[in-house]
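The block underneath contains the structure these notes are about, expressed in structure tokens.
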Amino acid sequence: MPEKPKAGFYNLSGCSGCLLTILNCEDQILDIFNGANIVSFLMANSANIEKDLDIAFIDGSVTTDEQEEFVKELRARTKKIVCLGVCSCYGGVQAMEYEKNTWSARFKKVYGTKPPTITKPFESRPVDAFVPVDYYLPGCPIDANQFLYNYARLLRGLPVDIPKTPVCLECKWRENECLLLKNIMCLGPVTATGCNARCPSVNLPCVGCFGPADEGNLTSEFNLLKEKGFSFPEIERKLRMFGGVKFVNKFKTMWKKVKK
Ligand code: SF4
Ligand code: SF4
Ligand code: SF4
């Protein structure tokens, strides 16, 4: 019988909701733990051993020098790194002000002016700002079914398979009435799909929690929302909330072309 892949699950800065989503898969939890040799999973195991890994799953973003050192050390002993959730993939909600130079002021407001002594904190960044990442499973939190499907693929040595299309595609498949027609700001046209259009299917607008879709047309979404009376800061703020660093980097050039 072939040896099971060695896997580890780690959390950095975030709410750990992505790892919790995995632990909440009650019907599949035994298969998750039987499918791999899980050597480290702090939220589930007390006897964790740090060793060379086939796959490391990371939830949370990098916000301290200690975490930066950890992801570099983990990368050096791991074949495949998989980011779980928008914190790990794009910096998360905590990166929504990325490159606005507001981090120090926000930090002082929460923690005061006394300099930190244990670790050196900095503005939240995704894991791939420090080390190469092999695969991304976005969402806030990740979608359990998307995780289970891709976990099974990874254990067989197959690459992660996630759609590049926006939420609107799944929304149309579910035959929902479009919220944009009711002048409600919906980010479905520029957000990565994978959640089965969960929010618009219950009449709530998509707020972009799966981050930017590779095939989303941002210029067109901007223009459409502006036509509906939303201001540039309102739209930008909404897009930054979960899209974070990926949103800012991906749309930097296009951004300048959008008439404010
Ligand atoms: S992506 Fe969302 S659910 Fe996952 S750790 Fe970050 S804040 Fe929590
Ligand atoms: S409701 Fe939102 S997700 Fe659905 S089709 Fe309209 S814009 Fe797209
Ligand atoms: S519809 Fe949008 S906000 Fe709702 S779960 Fe899907 S990606 Fe997230």
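Quick check on my filter: what residues within segment 18-30 are surrounded by 13 or more Cβ atoms within 10 Å (Cβ to Cβ) and either within 16 Å of ligand 2 (Cβ to nearest atom) or in a helix (DSSP H, G or I) (or both)? Residues satisfying the conditions are Cys18, Leu19, Leu20, Thr21, Ile22, Leu23, Ile29. Annotation note: of Leu239, Leu158, Leu154, Leu187, the sole residue that is closer than 29 Å to Ile55 by Cα, under 19 Å from the mean Cα position of the chain (by Cα) and of a type outside the set (Lys, Arg) is Leu154. Could you go through segment 49-70 and let me know if any residue there is among the β-branched types (Val, Ile, Thr), surrounded by fewer than 21 Cβ atoms within 10 Å (Cβ to Cβ) and either assigned by TED's automatic domain parsing to the domain that holds Pro126 or free of Cβ contacts under 8 Å to residues at least 12 places away in the same chain (or both). Yes, segment 49-70 has at least one match.
Report yes if some residue within segment 199-206 is away from ligand 3 (no atom under 11 Å from the Cβ) and out of contact with any Phe, Trp or Tyr (no Cβ under 7 Å at 6 or more places or on another chain); otherwise report no.
Pass one, segment 199-206, residues away from ligand 3 (no atom under 11 Å from the Cβ): 203.
From what is left, the residues that are out of contact with any Phe, Trp or Tyr (no Cβ under 7 Å at 6 or more places or on another chain) are 203.
Yes, because at least one residue in segment 199-206 is away from ligand 3 (no atom under 11 Å from the Cβ) and out of contact with any Phe, Trp or Tyr (no Cβ under 7 Å at 6 or more places or on another chain).
Evaluated against (1) away from ligand 2 (no atom under 16 Å from the Cβ); (2) within 21 Å of the chain's Cα centre (by Cα); (3) on the phi > 0 side of the Ramachandran plot; (4) of a type outside the set (A, V, I, L, M), Pro141 falls short on exactly one condition, (3). Considering segment 164-177, the residues that are near ligand 2 (Cβ under 9 Å from one of its atoms) and part of a helix (DSSP H, G or I) include one that is surrounded by the most Cβ atoms within 10 Å (Cβ to Cβ), namely Val167. For segment 178-217, residues that are in a helix (DSSP H, G or I) and more than 8 Å from ligand 2 (Cβ to nearest atom) total 4.
The values are calculated or read from the model by the stated rules, or taken from the named source; none is laboratory data. Everything quoted here is computed from the prediction, not taken from an experiment. Backbone-built Cβ (ideal geometry, glycine too); neighbour counts: all protein chains shown.
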